[in-house]
Each structure stands twice: as C-alpha cells, then as structure tokens.
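The values are calculated or read from the model by the stated rules, or taken from the named source; none is laboratory data. The structure displayed is predicted, hence computed values, not measured ones. No Cβ is skipped: glycine too gets one built from the backbone with ideal geometry, and neighbour counts run over all protein chains shown. With ligands, DNA and RNA removed, areas are computed over all heavy atoms of the protein, side chains included. Shrake-Rupley method; radii C 1.70, N 1.55, O 1.52, S 1.80 Å.
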Protein chains: 2
Amino acid sequence: MAECLFCKIVNGELSSDIVYDDETVIAFKDINPQAPHHILIIPKKHIASVSEVSAEDEPLLGHLCGVAARLAEKIGVAEAGYRLVVNSGPHGGQAVAHLHVHLLAGRQLTWPPG
Amino acid sequence: MAECLFCKIVNGELSSDIVYDDETVIAFKDINPQAPHHILIIPKKHIASVSEVSAEDEPLLGHLCGVAARLAEKIGVAEAGYRLVVNSGPHGGQAVAHLHVHLLAGRQLTWPPG
C-alpha cells in the first residue's frame with residue numbers, strides 16, 4: 001500500500017526505532033508512548049485491521065502476539081506484567097489502518113482498558 | 001487444572017453465558033463488563049498466560065483473536081469498532097491465570113488503554 005505509514009516503515013521509506021525483525025513481522029517503538037515501554041508489532045504484509053484477518057492468516061496473527069510476548073521477556077517486563085492491545089475501527093481508536101499489536105509495560109495498567 | 005476458574009467453565013462445572021464454542025476455543029460474557037459488549041475468548045486447554053504460549057501454540061493464539069474479530073462481526077460492532085486486550089501478570093492486571101482475550105465494544109474506547 002503506497003500511502004500506508006506502516007508499509008513505509010516496513011520497506012524502509014520511513015525510519016523508526018525497530019526492535020525486532022523477522023520474515024513476516026517487525027516491531028518498533030511507538031512514537032507517542034503511553035507507558036515506559038510501548039512497542040508496536042505489525043505484519044510486514046498489509047492487512048488493514050484485525051477484522052480483515054482471514055482464517056489462513058490466523059497463524060500470522062498468533063505470531064504477532066507471540067512476538068509481543070517474547071519481546072516482553074527480552075526487555076525484562078514479563079514477570080512484572082504487560083498488556084497487549086489491538087484496536088479496530090473508530091470505537092477501538094485505531095489510528096493507522098495497518099494491523100498492529102500494542103505492547104505496553106513498565107507501569108501499572110488500569111482497568112477498564114480505556 | 002482442577003482449581004482454574006476458566007477450566008471449570010470449559011468443562012461445565014461453572015455456568016457462564018457462552019456465546020461461541022468450537023473444538024479449541026470458547027467465548028462467554030464477562031461477568032463484570034466494562035463496555036456494552038464485553039466478551040472473553042479463551043482456549044479450552046489451560047495456558048496460564050500469553051507469556052506461556054509456545055511457538056506451536058501461536059496458531060491457537062491467532063485463532064483466539066480471529067474468533068474475537070468474527071464475534072465482533074456477528075454482534076454487529078465490527079464497523080463501529082472494538083478493542084481486543086490481553087493482560088499478562090500484575091502490571092497487566094491479569095485477573096485469572098488462564099489465557100483470555102477481552103473483546104470490548106459498544107462505546108468509544110479511550111487512550112491510553114488503562
């Protein structure tokens with residue numbers, strides 16, 4: 001997607017603070033962090049939102065969340081705890097129309113989650 | 001897990017308002033809803049948290065999120081939008097030590113997500 005901000009990060013047109021990169025997924029720091037650790041994990045291929053994930057892409061969606069959990073381990077917050085968030089559409093507050101998992105950690109997350 | 005609340009829901013020892021059931025996953029209404037629609041999607045097998053998901057269980061994790069997205073479609077909130085949340089450990093506010101995805105919808109979710 002030529003105009004997608006996150007596709008531009010994937011293909012290197014836009015710089016970002018990348019903390020993880022594999023064949024299907026990259027992760028980078030959120031530029032507007034809501035917690036001491038705030039990382040976005042995205043698929044390299046363009047999927048507009050979690051609502052657009054097909055049955056055959058469910059393993060990729062699981063991989064996004066699995067990478068998030070391993071990043072939490074790597075940055076040393078797994079034991080203290082963390083929250084994963086996926087927003088879809090206006091009520092969810094989805095800001096970029098490219099599927100992304102938020103990893104938030106480093107402080108007490110409160111309830112309700114927004 | 002004999003003492004796990006959600007395993008008791010899976011095996012029918014505890015009643016709940018189940019809205020979805022397949023071979024590997026069930027979903028039921030949260031008893032303490034934080035939005036007009038608040039559903040929990042859980043694996044039938046006991047996994048303590050997203051931190052405990054192995055690489056071979058990533059497809060199951062993706063299926064949990066995929067089921068959540070299809071439930072959002074089914075209850076008519078996909079277009080308006082929704083939020084998926086997975087809490088892990090104390091900072092995440094994980095209340096039951098059995099992996100679960102929260103689906104929240106029916107109102108504007110705010111930012112930060114807790």
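General observations
- Placing +1 on each Lys and Arg Cβ and -1 on each Asp and Glu Cβ, with no other charges, gives the stretch A:31-114 a dipole about its Cα centre of roughly 280 debye.
- Inter-copy separations for B:Leu14, label at 7 Å along Cα-Cβ, nm, ascending: 4.2
- Taking the protein heavy atoms of the stretch B:5-105 in the context of the full set of protein chains, the accessible area attributed to carbon and sulfur is 52 percent at 1.4 Å.
- Förster-model FRET efficiency, 25 Å R0, A:Ala55 and A:Val96, C-beta, rounded to 0.05: 0.55
- Using θ = phi - 60° in the Karplus curve 6.51 cos²θ - 1.76 cosθ + 1.60, the 3J(HN,Hα) couplings for the stretch A:75-91 round to 8, x, 10, 4, 6, 5, x, 6, 10, 9, 9, 10, 9, 9, x, x, 4 Hz; x is entered for Gly and Pro.
- Given charges at Cβ of Lys, Arg, Asp, Glu: the stretch B:5-105 dipole, positive-most of B:Leu60, B:Ala80, B:Ile47: B:Ala80
- Cross-linked pairs B:Lys8/B:Lys74; A:Lys44/A:Lys74; A:Lys8/B:Lys29; A:Lys74/B:Lys45: Cα-Cα separations exceed 31 Å for A:Lys8/B:Lys29.
- Fraction of the pair-distance distribution of the protein assembly as shown above 28 Å, Cα-Cα pairs, percent: 22 percent
- With N as its number of residues, the stretch B:1-113 has a Cα radius of gyration that, divided by 2.2 N^0.38 Å, comes to 1.02.
- Computed as a quarter of the hull surface, the mean projected area of the alpha carbon convex hull for the stretch B:57-114 stands at 4.7 nm².
- The HN-Hα couplings worked out from phi for the stretch A:26-37 by the Karplus form 6.51 cos²θ - 1.76 cosθ + 1.60 (θ = phi - 60°) are 10, 9, 8, 6, 5, 6, 10, x, 10, 6, x, 10 Hz, whole numbers, x standing for Gly and Pro.
- Placing a pseudo-label 7 Å from each Cα along the Cα-to-Cβ vector at B:Asp17 and A:Lys29 gives an inter-label distance of 4.3 nm.
- Degrees separating the helix A:58-74 axis from the principal Cα axis of chain A, which is the longest one: 40 degrees
- The mean number of partner chain beta-carbon atoms within 10 angstrom of a residue's beta-carbon across peptide B:6-14 is 0.
- Per residue value of the accessible surface for chain A (all protein chains in place, 1.4 Å probe), Å²: 44 Å²
- Inter-centroid distance (Cα atoms) of the stretch A:44-114 relative to the stretch B:32-108, Å: 11 Å
- Per-residue average of Cβ from other chains inside 10 Å of B:98-105: 2
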